[in-house]
Amino acid sequence: MTRRVLLLGCGAQGRAVLHDLAFGDDHVHVVVADREQSAGKAIRGYAESRVEAREVDATDEAAVAALMREADVVVEALPGPFALPMARLAADCGVSLVSSMYLRDPQEQDAVRIAATERAIHELDDAARRRGVVILPEFGLDPGLDLILGARALAELDEVVEFHSYGAGLPGLAARDNALGYRFSWSPIGVMRSYRRPARMITGGVAVEIDPAALFEPGRHHIVEVPEIGAPLECYPNGDAVHYAELFGLSATVREMARYTGRYVGHCAFWHVMVKSGFLESEPVAVNGVAVAPIDFTAALLSAQPQFQYGESDEDLTWIRVDVRGKRGGKNRRVVYDLVDRRDFATGLTSMQRTVGFTLARGARLILNGSLGRPGLRSPVEVPYDLVFPALERHGIRVTRRELIRA
């Protein structure tokens, strides 16, 4: 029986979702919905029996809902602010949804808005359970694959005292030949916003808050050697490790826990100056009588320059590491999982597209075949490793594991 997948958004990651689903050997028909002519362009080269395009604006919820009601599952590949509204709409329509985005805005610091979002998420879970559908957010690279690997590593230890996870999307060594040593493999404004969100980590068993203005300060980052990449990375805290400690059931026992983003050495020093100089502020300033938010200007300026974009011959890579330390059988153990992936020039898909898009496509298939079980709001930490990584390995996305006996 043919199943219908509604793909909302066909940007970089959406194109990888389409590639995976349209070339799969299962009976899947993909409806690509995007604004203007993007959807029509995206489906060129695919069999008409497998794909179709619909022109729709994601802000037109009535039009989106009409498409959702015709689908068996929705893959949401839109910008971050659409994640929660689209998830709520899907639950109301009685259709399951998978997304790579956070439902919570990681940059939000207003207590009233945070509380309102938490209520909305609770209501979303209730609605999904009532309608018997699955809502699976954060199912991409980071967050997503890192959380699945984290659950895998934790299951190998009897007691956990340290948990560190890392994520990075970087140009290959030959492609870091610009003023920043960096190119955008996902939304430039999304990258800028990630540089302005607070972080939380656990140090000495105590939760520590890091102000977004302090992310790149000297002493906040450390160097990690990744031989597969060929250069050291500086890693700075960027995420809410306290929240994930709760999800993993580690809050009462873990002594050290943090999530980090990796960049080539020198990145933190540059962005420390930019942050302190106000280039990532969201409060508009007047420029020749026009109100412009500095963060929007910075993103637009950088994204307009070819030197910061990936050309057809430029390699990108993605990296995930989960490093867990504790005890098993009374002995100190350290388990490390690493994922390093590179651009596939045969398909033209970047590594960021592959690791996010193929993961989203896998999530859609898991929902279609009923592998995720109970309805409601689900987390990647609940999705078994064996349901995801063997499928990704068929795309050449591989994971290595090391185990060390610690003194």
| query | If we scan region 158-165, do we find a residue that is surrounded by 17 or more Cβ atoms within 10 Å (Cβ to Cβ) and more than 23 Å from residue 332 (Cα to Cα)? | reply | no
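Residues checked against (1) outside any strand (DSSP E or B); (2) modelled with pLDDT under 95; (3) under 17 Å from the mean Cα position of the chain (by Cα):
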site	(1), (2), (3)
336	no, no, no
356	yes, no, yes
361	yes, no, yes
364	yes, no, yes
367	yes, no, no
373	yes, yes, no
397	yes, no, yes
404	no, yes, no
407	yes, yes, no
| request: Scan region 277-323 residue by residue and report those that are without any contact (Cβ under 8 Å) to a residue 40 or more places away in the chain, surrounded by 19 or more Cβ atoms within 10 Å (Cβ to Cβ) and assigned to a loop (DSSP other than H, G, I, E, B). | output: none
| message | Filter region 121-157 down to the residues that are over 29 Å from residue 339 (Cβ atoms), crowded, with 16+ Cβ neighbours inside 10 Å and small (Gly, Ala, Ser) and list them by number. | response | 127, 128
| request: Among the residues of region 336-357, write down those that are within 22 Å of residue 234 (Cα to Cα) and surrounded by fewer than 22 Cβ atoms within 10 Å (Cβ to Cβ). | output: 336, 338, 340, 342
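Checking the structure you have, find out if any residue of region 74-82 is over 24 Å from the mean Cα position of the chain (by Cα), assigned to a helix (DSSP H, G or I) and either of a type in the set (Asp, Glu) or not assigned by TED's automatic domain parsing to the domain that holds residue 188 (or both).
no
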| message | Against the definition (crowded, with 16+ Cβ neighbours inside 10 Å, at negative phi and not in a loop (DSSP other than H, G, I, E, B)), how does residue 104 come out, yes or no? | response | no
| query | If only one of 45, 24, 40 is modelled with pLDDT under 85 and either on the phi > 0 side of the Ramachandran plot or touching a helix residue (DSSP H, G or I) at 6+ places or on another chain (Cβ under 7 Å) (or both), which one is it? | reply | 45
| Selected residue (only one of 380, 390, 375 is surrounded by fewer than 14 Cβ atoms within 10 Å (Cβ to Cβ) and at negative phi) | 390
| remark: Per the filter on region 217-239, residues at pLDDT 90 or above, crowded, with 20+ Cβ neighbours inside 10 Å and closer than 26 Å to residue 155 by Cβ are 235, 237
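Only strands (runs of 3 or more DSSP E) wholly contained in region 138-257 count here; list those with 1 or more residues that are of a type in the set (Asp, Glu) and more than 17 Å from the chain's Cα centre (by Cα).
159-171, 206-210, 233-237
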| task | Report whether or not residue 260 is in contact with a Lys or Arg (Cβ under 7 Å, 6 or more places away or on another chain) and part of a strand (DSSP E or B). | result | no
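In region 202-216, what residues are aliphatic (A, V, I, L, M) and more than 19 Å from residue 280 (Cβ to Cβ)?
Hits for region 202-216 are 202, 206, 207, 208.
The values are calculated or read from the model by the stated rules, or taken from the named source; none is laboratory data. Bear in mind the structure is a predicted one, so any value in this text is a computation, not a measurement. Because the Cβ atoms are built from the backbone with ideal geometry, glycine has one as well, and the counts that use them run over all protein chains shown.
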